[in-house]
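Trainee: Just passing along the structure, written as C-alpha cells.
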Amino acid sequence: MEYTKGSEIRKSDYPIHDLILDRWSPRAMSGDSISQDELMRLFEAARWAPSSSNIQPWRFVYAHKDGEYWDKFFGLLSEFNQTWCNNAGVLAVLLAKKTDDNGKENRNHLSDAGAAWENLALQGSSMGLVVHGMAGYNVEKAREELKIPEDYDIVHMIAIGKPADKEVLHERMQKSENPGASTRKLVGEFVFEGEFKE
Ligand SMILES: Cc1cc2nc3c(=O)[nH]c(=O)nc-3n(C[C@H](O)[C@H](O)[C@H](O)COP(=O)(O)O)c2cc1C
C-alpha cells in the first residue's frame, strides 16, 4: 500500500520543500517487518543532524517486531498507543545525553536530539514508511527495563512501520488518519521581529 504524501493535501502559506509537507504521523500499519537495511537508513539520516559543538548527543534503542526485545518495548506504551502499535515493525526510544565527553553540561542536548528525530522522520517518510513519535509511554519503566543511565534524558518513543489502509485502525482513529487532520498555527503566531510578544 502507498503512503499518502502530506503534500497531496497540506498547503503551505509560503513555498517549502515537499519533503517537509509530505511527512505526517499515520497510525495505520500493515504489521510487516522493517528490514535492518531500511532501519539503518533512518538512523543514518539521524546521524547527519547538526548539533552543538558536534557533540551528537542523540542515542536510539530499538526493537524489531520479530525480535527478542519487542515485548519489553511494547509493554512500555500507553494503552492507547498499544492499540495501533501492534502493527509497527520497529519501536524505538530516543535518548539525549545531558553532558559532553568531558562531563560538562550540554544545554542543547534536547534540541539536537530533536533535530536527529526530524531527520529520521523525514527519511522514513521519503521511503514511504510510517514514522510516528510517541509521548504516551512509561518513562520510569523505560529507564529501568532498557537500562538507561541517569545521564541520558528519555526524549520520546517512535513507531516505525509499513503503511496500511486506515481500516486496520479502530473506527475512532480512522477520522484523523490523513495528513489534513493536524493543522498548524500561522507563521505570524510564533515568529516575532525584534522582541517577543505574547
Ligand atoms: C514527541 C511526540 C510525541 C507524540 N506522542 C504521540 C502519542 O503518544 N500518540 C500518538 O498517537 N501520537 C503522538 N504524536 C503525534 C502528534 O500528535 C503529531 O505529530 C501531531 O499531531 C502533528 O501531526 P503530524 O505529525 O501528522 O504532522 C507525537 C508526536 C511527537 C513529535
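Every number here is computed from the coordinates shown, using simple stated rules; none is lab data. Note that the structure is predicted; figures quoted are calculated from it, not measured. So basically every Cβ, Gly included, is an ideal-geometry build from the backbone, and we count neighbours across all protein chains shown.
Trainee: Here is a check on your reading of the model: is G103 more than 12 Å from the ligand (Cβ to nearest atom) and over 20 Å from P26 (Cα atoms)?
Mentor: So G103 passes the test.
Trainee: Test K166 against the criterion of being out of contact with any helix residue (DSSP H, G or I) (no Cβ under 6 Å at 6 or more places or on another chain) and under 30 Å from A28 (Cα atoms), and give yes or no.
Mentor: Against the criterion (out of contact with any helix residue (DSSP H, G or I) (no Cβ under 6 Å at 6 or more places or on another chain) and under 30 Å from A28 (Cα atoms)), K166 does not qualify.
Trainee: Any residue in segment 92-104 that is closer than 17 Å to I160 by Cβ and of a type in the set (S, T, Y)?
Mentor: No.
Trainee: If you don't mind, there's one more thing I want to ask. Mind checking which helices (runs of 4 or more DSSP H) fall wholly inside segment 1-92 and carry at least 3 residues that are over 16 Å from the mean Cα position of the chain (by Cα)?
Mentor: Qualifying helices (runs of 4 or more DSSP H): 70-74, 79-85.
Trainee: Given the criteria in contact with a strand residue (DSSP E or B) (Cβ under 9 Å, 6 or more places away or on another chain) and within 13 Å of the ligand (Cβ to nearest atom), does A113 qualify?
Mentor: When the stated conditions are applied, A113 passes them.
Trainee: Within segment 133-180, track down each residue that is within 9 Å of the ligand (Cβ to nearest atom) and not polar (S, T, N, Q).
Mentor: Residues satisfying the conditions are G133, M134, A135, G136, Y137, V155, H156, M157, I158, A159, M173, P179.
Trainee: Further, regarding this structure: Which residues, taken from segment 83-100, are hydrophobic (A, V, I, L, M, F, W, C) and away from the ligand (no atom under 15 Å from the Cβ)?
Mentor: Scanning segment 83-100 gives a single hit, V90.
Trainee: Still on this structure, I have one more. Going through D112, D165, D153 one at a time, which residue ends up being closer than 24 Å to L39 by Cβ, crowded, with 20+ Cβ neighbours inside 10 Å and either of a type outside the set (A, V, I, L, M, F, W, C) or without any contact (Cβ under 8 Å) to a residue 24 or more places away in the chain (or both)?
Mentor: Of the residues listed, the single one that is closer than 24 Å to L39 by Cβ, crowded, with 20+ Cβ neighbours inside 10 Å and either of a type outside the set (A, V, I, L, M, F, W, C) or without any contact (Cβ under 8 Å) to a residue 24 or more places away in the chain (or both) is D112.
Trainee: Sticking with this structure for a sec: Within segment 41-51, identify whether any single residue is closer than 22 Å to K141 by Cβ and among the charged types (D, E, K, R), and answer yes or no.
Mentor: For segment 41-51, residues closer than 22 Å to K141 by Cβ and among the charged types (D, E, K, R): absent.
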